[in-house]
Amino acid sequence: MSKPAYKRILLKLSGEVLMGSQQFGIDPEFVAELAREVKAAKETGLEICLVIGGGNIFRGMAGAAKGMDRAQADYMGMLATVMNALAMQNALEQLGVHTRVQSAIEMDKVCEPVIKRRAERHLEKGRVVIFAAGVGAPYFTTDSGAALRAAEMRCDALLKGTSVDGVYDSDPKINPAAKRYETVDYDTVLADNLKVMDASAVALCRDNSIPIVVFSIREKGNLARVLRGEGTCTIVKKEA
Ligand code: UDP
């Protein structure tokens, strides 16, 4: 396999990809599948930071829509991301990939707190660092958490693995003529409200010149292909 252009990446996976074909929760078989993708990427010599969402278990907005206090519901969402991080840690370690989980909400029985210098050391030693609990504050999402950690850890790119193979000019599920962008600039994403990540995450990437690579993680081997510059994806960057 040829060497990918990036040295250190942050991979953001939405919680929903951990469900596999289920409607809710964690499908251990599918998590193992994702872990194999991460392992293959790691074997190309990349340093990998991981951020996993929590939408497969709980989303703060959904709780708030049903009358819960938003901040309280968001804390529940953050705890969901810690569960997902532990599930992914388990799957990766079963494949012999060394990992550490660092949570923005301290939980010292199960993981480390977020400490940048310590995370650097883990990456140097070849460990995958899984950042949990987003930014550690309500009214944010794990997309913002991913952008923040990508900036903090000086990642060369933020790879967003989702169920779709890139960014479209309109919703491809509704409009069969929707066109996928090969590249698109940050300001177009923000101005046209394109579905990539939430606006604060896109702005943080823009301000720190971190390209966002949107690709489908559901296709087998796609992460490694995208890293080789071969897979189908959309790259959000300064000048498209
Ligand atoms: N969340 C939060 N602050 C953060 C990150 C996450 O409050 O910094 C909460 C929020 O309620 C969110 C939930 O955790 O809905 C799960 O994260 P997210 O929706 O980003 O997961 P994904 O859509 O990626 O699965």
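The values are calculated or read from the model by the stated rules, or taken from the named source; none is laboratory data. Predicted, not measured: the structure shown is a model, and the values here were computed from it. No Cβ is skipped: glycine too gets one built from the backbone with ideal geometry, and neighbour counts run over all protein chains shown. Note: areas computed on protein heavy atoms with side chains; ligands, DNA, RNA excluded. Shrake-Rupley method; radii C 1.70, N 1.55, O 1.52, S 1.80 Å.
Here the Karplus curve 6.51 cos²θ - 1.76 cosθ + 1.60, taken at θ = phi - 60°, turns the phi angles of the stretch 27-33 into couplings of 9, x, 5, 6, 5, 5, 4 Hz, with x standing for Gly and Pro. Residues whose amide H comes within less than 5 Å of that of LEU159, counting only those at least five positions distant or on another chain, are LEU10, LEU11, LYS12, VAL213 (H built at 1.01 Å from N in the peptide plane). Based on Cα contacts under 8 Å between residues 6+ apart, the chain shows a relative contact order of 22 percent. Between ARG154 and ILE115, the modelled labels are 2.0 nm apart [label points 7 Å from Cα along Cα→Cβ]. Amide hydrogen proximity for GLY54: with H placed 1.01 Å from N in the peptide plane, the residues at 5 or more positions away or on another chain lying under 5 Å are GLY15. In the chain, helical runs assigned H by DSSP with n ≥ 4 each contribute -39500 (n - 2.57); averaged across all residues and rounded to the nearest 500, the mean residue ellipticity at 222 nm is -11000 deg cm²/dmol. Entry comment: accessible area of the chain is 48 Å² per residue, from protein heavy atoms only and a probe of 1.4 Å. On a per residue basis, the convex hull of the C-alpha atoms belonging to the stretch 7-107 measures out at 94 Å³. Working note: Karplus 6.51/-1.76/1.60 with θ = phi - 60° gives the stretch 6-12 the couplings 8, 9, 10, 10, 10, 9, 9 Hz, where Gly and Pro are set to x.
Where does each of 135-146, 197-208, 165-176 land if you order them by average Cβ count within 10 Å, highest first? Walk me through the intermediate numbers first.
Details: 135-146: 21.8, 197-208: 18.6, 165-176: 14.3.
For the peptides 135-146, 197-208, 165-176, the packing ranking is 135-146, 197-208, 165-176.
Of the peptides 123-133, 227-237, 185-195, the order by per-residue mean of other Cβ atoms within 10 Å, starting with the highest, comes out as 123-133, 227-237, 185-195. When both bridge partners sit in the chain, DSSP labels roughly 15% of those beta bridges antiparallel.
Shape index of the stretch 134-187: Rg/Rh, with Rg the Cα radius of gyration and Rh the Kirkwood radius from the inverse mean 1/r over Cα pairs, equals 1.06. Amide H contacts for VAL101 (H built 1.01 Å from N in the peptide plane; partners 5 or more residues away or on another chain; cut-off under 5 Å): GLU112, ILE130.
Spin-label model, SER170/ALA64: points 7 Å from Cα along the beta carbon direction are separated by 3.0 nm. Protein heavy-atom surface of the stretch 45-85, 1.4 angstrom probe: 62% of the accessible area is carbon and sulfur, with nucleic acids and ligands not counted. Beta-bridge orientation, the stretch 103-216: approximately 10 percent antiparallel, per DSSP, counting only bridges with both partners inside. Roughly to the nearest percent, how much of the accessible area of the stretch 130-240 is carbon and sulfur, given a 1.4 Å probe? Reported share for carbon and sulfur atoms: 49 percent.
Counted by Cβ distance under 15 Å from VAL97, the other residues give a net charge of +1, where Lys and Arg count +1 and Asp and Glu count -1. Remark: the TYR139-GLU106 segment gains 10.0 nm on full extension, using 0.36 nm per residue and subtracting the alpha carbon distance. Counted residue by residue at 0.36 nm each, then reduced by the alpha carbon distance between them, the extension gain from ASN193 to GLN22 reaches 58.6 nm.
Hey, what D do you get for the stretch 95-240 in µm²/s if you plug the Kirkwood alpha-carbon radius into Stokes-Einstein at 10 °C and 1.306 mPa s? Write out the running numbers ahead of the final one.
Working: Rh = 16.4 Å.
The estimated diffusion coefficient comes to 97 µm²/s.
Applying both filters, DSSP loop and at most 12 other Cβ atoms within 10 Å, to the trypsin sites (Lys or Arg not before Pro) of the stretch 34-124 gives LYS66, LYS109.
Here the Karplus curve 6.51 cos²θ - 1.76 cosθ + 1.60, taken at θ = phi - 60°, turns the phi angles of the stretch 131-138 into couplings of 8, 10, 6, x, 8, x, 9, x Hz, with x standing for Gly and Pro.
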